[in-house]
Amino acid sequence: MQGRLSAWLVKRRLVHRSLGFDYQGIETLQIKPEDWHSIAVILYVYGYNYLRSQCAYDVAPGGLLASVYHLTRIQYGVDQPEEVCIKVFAPRRNPRTPSVFWIWKSADFQERESYDMLGISYDNHPRLKRILMPESWIGWPLRKDYIAPNFYEIQDAH
Amino acid sequence: MASTSFSILGWVGGKRGLGGRKMNSISAQQTDVQQQSQVNIQQQEEEKEKVTVKQPQKQPPQTQPRQPMAKSKNMSVEYGGQWFSSVTRHVRIYAAYIDPVTHAFDQTQMDKLTLLLDPTNEFVWTSETCNKVYAYFQELVDHYEGAPLAEYTLRLIGSDIEHYIRKLLYDGEIKYNMNARTLNFSMGKPRVIFNNNDREVQDVQKD
């Protein structure tokens, strides 16, 4: 099972792996972190001019960290724009992924949040720092091995 | 590098302004301030946490002279939000010198930690229970020495003190101040006996 974009990428000898289609029939591709920047540029040139969503998740305990990009090709007079979902998996030891900020500027806060919650370090991001947690926070709260510190909160009040 | 003695300033229930509200304050600080002021901030932070204690652990905290000439410093807009603090209901820790009388907030003395204990006066404190909390504070500061001076570290210390206060409350060593301005029992509603493991219930028939 190969989608249109996957076939297009294969024709241009770009390394990727197809992960099938999601429930809406949107093609899902896995791309290695080292290829992601160049392929992102190619996808932008191809016409994906809109980053609809960027998110990240922890795949499994002790496993990889995934950074997910939903891209859309916006054009005039099209009701069903082309969409694609890209997943970039980074190892937990040294999670580095190229940033797409300079291609799709809307990745700015999204990637900062992914960094804040999961500790994925986005290369070439202009101001990669914590956005939700205090800057002195230690640890990555949405990782599966995160242990919350025993802070006294007002919620402790009965 | 600097002097390594670590002393504590604590005072209890002084009669001061603010409607006669009790404010307990403690300041863990190094004695050699002159030498501190010559090194830069980064070194100060490291130094503060690397302080080693010569005095034995269980000794009550020794009093340190207050600084009557202290003035509020580094409180202007350009320093706004820059101070390190951990603020919960019963424990406020600031990395600054706070004068107990004038409430001058001197943020240039980052090598000191000041603890304001129960500013809203929710509990009834005696000097003995206060000193217990101060000693525990001292113990925690020793425990976290070498850690970076950051909000996170102060938060850890402050939370541990809050848990310790809760333990004191459950052990019956302190109790709620029924004349407090807000009486909402933030650490649990009062019970007759909190930790009653070692006591026998009276009305149970024992054979």
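We did not get these values from a lab; they are worked out from the coordinates using the rules stated. What you are looking at is a predicted structure, and each value in this text was computed from that prediction instead of being measured.
Considering just Cα atoms, how many Å³ per residue does the convex hull of the stretch A:2-152 enclose? Don't skip to the end; give the middle numbers.
Values: hull volume 20.2 nm³, N = 151.
Per residue, the Cα convex hull of the stretch A:2-152 comes to 134 Å³.
Please turn the phi angles of the stretch B:182-189 into ³J(HN,Hα) values with the Karplus equation 6.51 cos²θ - 1.76 cosθ + 1.60 (θ = phi - 60°), one per residue in order, whole Hz, x for glycine and proline.
Ordered by residue, 3J(HN,Hα) equals 10, 10, 10, 6, 5, 10, x, 5 Hz.
Taking H placed 1.01 Å from N in the peptide plane, check which residues at least 5 places from B:F123 or on another chain put their amide H under 5 Å from its amide H.
B:N177
Convert each backbone phi in the stretch A:95-103 into a coupling constant with the Karplus relation 6.51 cos²θ - 1.76 cosθ + 1.60 (shift: θ = phi - 60°), then list the ³J(HN,Hα) values in order as whole Hz, x for Gly and Pro.
Values, residue by residue: x, 10, 9, x, 7, 9, 4, 6, 9 Hz.
Over the Cα atoms of the stretch A:2-54, each weighted equally, I'd like the Debye log10 I(q)/I(0) at q = 0.19, 0.23, 0.28, 0.31 Å⁻¹, rounded to two decimals.
Listed by q, the Debye log ratios stand at -0.68, -1.02, -1.41, -1.46.
For chain A, with a Gaussian network of springs between Cα atoms less than 10 Å apart, report the residue from A:G139, A:G77, A:G47 with the top mean-square fluctuation.
In the Gaussian network model the winner is A:G77.
Please report Rg (one decimal) and Dmax (integer) in Å for the Cα set of the stretch B:85-176.
Cα-based Rg and Dmax for the stretch B:85-176 come out at 13.2, 39 Å.
Take every Cα pair under 8 Å in the stretch B:85-176 that's 6+ residues apart, average their separations, divide by the length, and report that relative contact order as a whole percent.
For the stretch B:85-176, the relative contact order is 31 percent.
Given Cα pairs under 8 Å that are at least 6 residues apart, what percent is the relative contact order of chain A?
Here the relative contact order equals 18 percent.
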